[in-house]
1. Based only on Cα atoms, what mean projected area does the convex hull of the stretch 11-98 have, in nm²?
2. Taking N as the number of residues in the chain, what value does Rg over Cα atoms divided by 2.2 N^0.38 Å take?
3. If you stretched the chain out fully between residue 102 and residue 70, how much longer would it get, using 0.36 nm times the residue separation minus the C-alpha to C-alpha distance?
4. Arranged from highest to lowest average of other beta-carbon atoms within 10 Å per residue, in what order do the peptides 104-110, 183-189, 14-20 appear?
5. At 0.36 nm per residue, and after removing the present C-alpha to C-alpha distance, how many nm does the segment from residue 151 to residue 196 gain when stretched out fully?
6. Where the centroid of each part is defined by its Cα atoms, how far is the stretch 120-145 from the stretch 177-206 in Å?
7. Nearest 500 deg cm²/dmol is fine: what mean residue ellipticity at 222 nm does the chain get from its DSSP H runs of n ≥ 4 alone, each adding -39,500 (n - 2.57), divided by its residue count?
Ligand SMILES: C[S@@+](CC[C@H](N)C(=O)[O-])C[C@H]1O[C@@H](n2cnc3c(N)ncnc32)[C@H](O)[C@@H]1O
């Protein structure tokens, strides 16, 4: 994980988690439920406050929550104790010998994370995701548009912040082996002016 990005989340974990837990995510939750039935194996990458993983656990999904920042993982478990046995620290892309790469999931959620990855890391992530998603399984991945980044590829908090067009992201994921099924564009769930989100729904084709 990018060092400055990790340092930011580590020192603001409680504040970020409280903010993320308050976001309006009803459309995302409805989407997740519509793609895979309860009981499905789901992996969340960069899960932050644990909001979405906790939602899935309550509905009976076999959920694994991950985040690359240890302090965020601790905060998620504090806020959502039901994640205690389901949470682990994992920064993506993973090292080639990481045990998670041997797992297969019916759905992977990666919301609001890839802005913190450089292009080479995003390409590696796409290759790892196609390995970890079961045949006909789903990838739901979102990224933002419209953040102000005063320094090159860094936001005002120092986080690595690379915004891409949906076309660009689709092409990386397609090269990884996913078939785009739907692209949903939303206003910001935290209500910030000028920020919009693209949510990609992709399926692994065998
Ligand atoms: C903007 S927050 C989004 C949190 C949550 N997914 C949501 O939608 O509310 C980004 C999260 O991604 C995590 N993160 C950043 N880079 C990561 C990486 N390379 N691997 C895993 N997690 C990462 C951060 O620690 C943070 O919790």
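1. Averaging across all directions leaves 6.0 nm² for the Cα convex hull.
2. 0.94
3. Values: separation 32, 0.36 × 32 = 11.52 nm, distance 2.20 nm.
Residue separation times 0.36 nm, minus the Cα-Cα distance, leaves 9.3 nm.
4. Going by the mean number of other Cβ atoms within 10 Å, highest first, we get 104-110, 14-20, 183-189.
5. Extra length available between residue 151 and residue 196 comes to 14.1 nm.
6. If we compute the Cα centre of each part, the gap is 13 Å.
7. Result for the chain: -10000 deg cm²/dmol, rounded to the nearest 500.
Read-outs: derived from the displayed coordinates by stated rules, not from any lab. Bear in mind that the values here come from a model prediction, so they are computed numbers and not experimental data. Note: ideal-geometry Cβ built from the backbone for every residue, glycine included; neighbour counts use all protein chains shown.
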